[in-house]
1. For chain A, what is the calculated [θ] at 222 nm in deg cm²/dmol (nearest 500), taking -39500 (n - 2.57) for each run of four or more DSSP H residues and dividing by its residue count?
2. Take the alpha-carbon centre of the range B:126-149, take the same for the range A:186-261, and report the distance between them in whole Å.
3. Could you work out the mean projected area of the convex hull around the alpha carbons of chain B, in square nanometres to one decimal?
4. Give me the distance in nm between label points sitting 7 Å out from Cα along the Cα-to-Cβ direction at B:ALA213 and A:LYS159, one decimal.
5. Using the structure shown, list the pairs from A:LYS261/A:LYS345; A:LYS54/A:LYS228; A:LYS227/A:LYS345; A:LYS109/A:LYS227; A:LYS261/A:LYS336; A:LYS228/A:LYS345 with a Cα-Cα distance above 27 Å, or answer none.
6. For the modelled label position 7 Å from the Cα of A:ALA191 along Cα-to-Cβ, which residues of the range A:117-161 have backbone nitrogen atoms closer than 18 Å?
7. Please enumerate, by chain and number, the aspartates and glutamates with C-alpha under 13 Å from the C-alpha of B:LYS66, excluding those fewer than 8 residues away in the same chain.
8. Can you pull the percent of the range A:99-243's accessible area that's carbon plus sulfur, 1.4 Å probe, other chains left in place?
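The values are calculated or read from the model by the stated rules, or taken from the named source; none is laboratory data. Quick caveat: nothing in here was measured; it's all calculated off a predicted structure. Here the Cβ positions follow ideal geometry from the backbone for every residue, glycine too, while neighbour counts run over all protein chains shown. Accessible surface is based on the protein model in full, side chains and every heavy atom, while ligands, DNA and RNA are left aside. Shrake-Rupley method; radii C 1.70, N 1.55, O 1.52, S 1.80 Å.
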Amino acid sequence: MRRIVVVVALVAGCGAPAPAPVVVPTVAATPARRLEVSPSRPAESESAPFEIVKGTSSLCVLTNGAAHCPHDIAADEPLANGPILDGLPNVRGLSFGQDFHCVVTADGKVACGGGNHFGQLGAGVAEESAGLKVLPTLSHVKRVVSGPFTSCAILDDGKLSCWGKNESGETGSATNILPDARVVVEPELVAGIQDVTEVAIAWGASCAAMANGDVACWGTADLPEHKKLRGAQDERPTVIASLAGATSLSANEQTFCAVLKGKVVCWGSRSMLLSRGGSKTLTELAIPDAQRVSLGHSHGCALGGGGDVYCFGAAYSRALGVPVSDRDYEPRGPAKVTGLPRVEKVFCGASLSCALTVGHELYCWGRLGTRASDIAPTPVQMRVLPNR
Amino acid sequence: MFEARRRSLSAVVCALALGVSIVAAHGGRAAACSCVGPRPRFLSPHAANAPLNSHARVEVPNDYAKRTFVLRAHRGAVVPTRVATIAGAELTVVDLAPTSALAPETRYEIAAVDANLHPSTLVIGTFVTGTSSDVVAPLLPSLGTVRTNLNLGPSAGGMCTVRGPWITVAKSVAQDPNRADAELGFYVWKLAPGAAYDARKPPDALVFPFRDAISIGKTSMCDTHEIELSGASVDLVLAAVDEAGNRSPTRRAHVDLTRPTP
């Protein structure tokens, strides 16, 4: 296999419950280090000639139909110089689970490679596969999204098709297939939802946003209103009234977050959030005029209205954009990451955060590589494309 | 909830790696033992050319027994079957025998269904049929080496060990005369010493060999395949059984439970 993935157990925060954050602190951090800059700086009005995709332990850049995924990322080495994932020249999109990844090819098919204990390859194979296996029953795919061991494809017609681990109904299928029978795992359409615009997948639950503003969840019921309607777990998607209008859905193994009416709201486990204990309804994070949110394994970052980035979660992730001790297990509330130009998008990987500015500059902080010295506590500008 | 999920993840990881995780002792004192609970397991057939009269067999925790077990073609109809069960202390073996021949070269799956659950259907195993049925009984010319196992040393009860007794039957020469790759299991009947064997009585256990040996009784705290072995001795009657339910003639052994076999 090209990727060796270590499943990292999330460590719950310690100490007494803290009140919900009400003030947005600005952390005094060293300004972003400005390293070598690509001379080709696009105008702000243009779309970036690349797409950043968070990987399992790193990140990839998708440009000219190829996904470049360097094993370690370095500020002075363009990401696009990294090896091409699976050697594929015609990738339209990709996603990473805990031990596998999937790509959308130019012809709208999906192929997955890596671990297959739960049937996460979905391709009628019993073994894991170092190479990609095409899912024969899936086509017309617009985008693929992966959770820990489950994936969903948003189809061109707005429907959603999911496969992989389904212990709690997180694929939307009424059939849970044990590992002994994983060879029969294949994508199934999720009934009852349409015009899907986004999907986020956690360990045992999935949620999708639809074009009409509805957000539906299925699998383990993480919110009381969901549990009241469907019980502790149910594969049938249920529209969650309190999430109507939510966008920018993101999930890690245990927690979901989304942007709702200019606020970041989270549900599921709150071990990575400053607010713990109390009610199990939506937890609201104090981020002004929130636009987007992205979760890593134990932290998250959100984009505020002014193009500012705010990170929150476990300090030991080292990806909050501020210098912290890796022995600090207390979750931290949102704090502004200083030293960044105006940001357009944020991405969080396992222990890595990145921000793409409106000028298409990429800044990252957190664990950039596999060595202990590869940690950048504050933003470092990365090169994406080689000099032209 | 987080804790519950973490335990769930932990259980899966343990099952993937070892099946059992052991917490080591501190300072040489009595050790703790933690086990993954009983889980549904597909017993047979596993081969890609299963006989057309194969029984589908699974082993499930006893609380699954209220579910409906079905044998069905993959993406196809449910196959009529006769259902037999062998209930143990924690696990139940479910044996689905099709009432007519299965279709050749077809994938089948065995599932537990409960409409009140979501997801309602649990597919436990799958197999592919070959092109012919098997009506030939296996042979069991000898039981092989029958051993009584007892932990009598000072470590007995430490870690995940149990005192015993449990019985192992190794180097059995069971074979299927017409299929070298037959997946043979063993029906086990436990009798009081000297008691008559009643062929009409269902077996007390169905066990499959691991590394050419079968174990009867609880081999560790984590072994949920319990068959009570008490008293000074026991008589065991064994028959080899193939995927299609064909049984060999039985063999009987008298086993002393008071001392380990040297």
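1. Details: 1 runs with 7 residues, N = 388.
The helix contribution divided over chain A gives -500 deg cm²/dmol.
2. Measuring centre to centre over Cα atoms gives 49 Å.
3. Average of the hull's projected areas for chain B equals 16.5 nm².
4. 5.4 nm
5. Working: A:LYS261/A:LYS345 18 Å; A:LYS54/A:LYS228 35 Å; A:LYS227/A:LYS345 33 Å; A:LYS109/A:LYS227 35 Å; A:LYS261/A:LYS336 20 Å; A:LYS228/A:LYS345 35 Å.
Listed pairs above 27 Å: A:LYS54/A:LYS228; A:LYS227/A:LYS345; A:LYS109/A:LYS227; A:LYS228/A:LYS345.
6. Correct set: A:159-161.
7. B:ASP114
8. Numbers: 2430 of 4820 Å².
On the range A:99-243, the fraction of accessible area on carbon and sulfur atoms equals 50 percent.
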